[in-house]
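Written below as C-alpha cells is the structure these notes are about.
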Amino acid sequence: MLTMTNTPNHTGVKISGDYFDLDELNQAFYYVIGDENKYYDYAGARTRILGISYELRHAAQGDRNVESVFNGLHDHMKKQHSFIAPDKNIYFSTEVLWPEVLYAAIALKDFVRLHREDAKFPDWDVHLHVIARFQSLVLDCLHGQVPEEEYQQILKAFQQAVPGEEYAIQYIDFLNIKYIDMPKKQREKSLGVIALKIAMQDKDYVAFRNQVLAAATPNKVPIHEIRLQTEYPEEIEW
C-alpha cells in the first residue's frame, strides 16, 4: 500500500510502497500528463511531475531506500494454515521536497481536468483514482504538520486552486531552495504558509512570474525554459 510520511527534519515527504505501488503511481503520472506535445502550454508542470516520476522509478529499482515492513502475517496464522512464510515485505521509498510535492498535487488537477475532457468514461478510469489517492495522501500528510485552522484554509485553497497554463515553475525551485535553507523549527512554522502560497498564487508569485516573463520575452523563449540562477545542495538533510 502506498504511504506518505513527513521526513524527520520536515524537509519533505517520504513516499513508500512495494514495487507495484510505486510503479502504479508512476504509470498513472505518465498516463495523465501525456507525451511532451499533448499539452504544450503545461510543459513546465509536466517537467515537475516527471521529476517525481524519476524518483519513483529509481526507488522501485532499489536505488533509493529499501526497508522491510510487517505484512500482518502472525505466527498463529502460519500455524493455522501450515505454511512457512516471511512476516515482512520489502518496501521501497524516496523523499520529495515539500514545496515540490505540494505543487505536484495541485498541478495534477490541470492534467486530470484535461484528461477528463477527452475521456468517454473518466469516472471508471483507474489511473485517475490512483492520482486522486496520491493527492489525498499529500494533504493527509500535511494535516499532521499544521494547525487545524490553517489546514482547513489550505484545503479550501487547494480545492479552488487553478494552476493554469504556463505556470512559472521556477517559483517552485525558489521555494524548494528557500525551504531547504531554513532551520527545522522554521520549516515547521512555514510549511502551511508555503502550501497556501503555492495554491493561491499570491502577489509574490505574480511578481516572480513577471520577472520570468521579462527574461523570456526578448528572445521569445518558452517560459518553462528559463533557468533559475541557483543550485540545489548536493546533500539534503531529510
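The values are calculated or read from the model by the stated rules, or taken from the named source; none is laboratory data. Note that the structure is predicted; figures quoted are calculated from it, not measured. Neighbour counts run over all protein chains shown; Cβ positions are idealised from the backbone, glycine included. Calculation scope for accessible area: heavy atoms of the full protein, side chains included, ligands and nucleic acids excluded. Shrake-Rupley method; radii C 1.70, N 1.55, O 1.52, S 1.80 Å.
For the range 137-149, a residue qualifies if it is surrounded by 16 or more Cβ atoms within 10 Å (Cβ to Cβ) and either farther than 17 Å from residue 29 by Cα or of a type in the set (Lys, Arg) (or both), and the qualifying residues are 139, 141, 142, 145, 146. Taken over the range 108-136, the criterion of being open to solvent by 50 Å² or more (accessible area, probe 1.4 Å) and polar (S, T, N, Q) is satisfied by 136 alone.
What helices (runs of 4 or more DSSP H) lie completely within the range 169-238 and have 1 or more residues being over 23 Å from residue 105 (Cβ atoms)? Result: 184-200, 203-216. Scan the range 18-29 for residues that are among the aromatic types (Phe, Trp, Tyr) and either surrounded by 20 or more Cβ atoms within 10 Å (Cβ to Cβ) or in contact with a helix residue (DSSP H, G or I) (Cβ under 7 Å, 6 or more places away or on another chain) (or both) and the total you get is 2.
Across the range 35-65, the number of residues qualifying as assigned to a loop (DSSP other than H, G, I, E, B), open to solvent by less than 80 Å² (accessible area, probe 1.4 Å) and closer than 15 Å to residue 25 by Cα comes to 0.
Return yes or no: is residue 186 surrounded by fewer than 17 Cβ atoms within 10 Å (Cβ to Cβ) and either polar (S, T, N, Q) or in contact with a helix residue (DSSP H, G or I) (Cβ under 7 Å, 6 or more places away or on another chain) (or both)? Here the answer is yes, as residue 186 does meet what is asked.
Count of the range 189-226 residues, restricted to those that are open to solvent by 60 Å² or more (accessible area, probe 1.4 Å) and in contact with an Asp or Glu (Cβ under 9 Å, 6 or more places away or on another chain), is 1.
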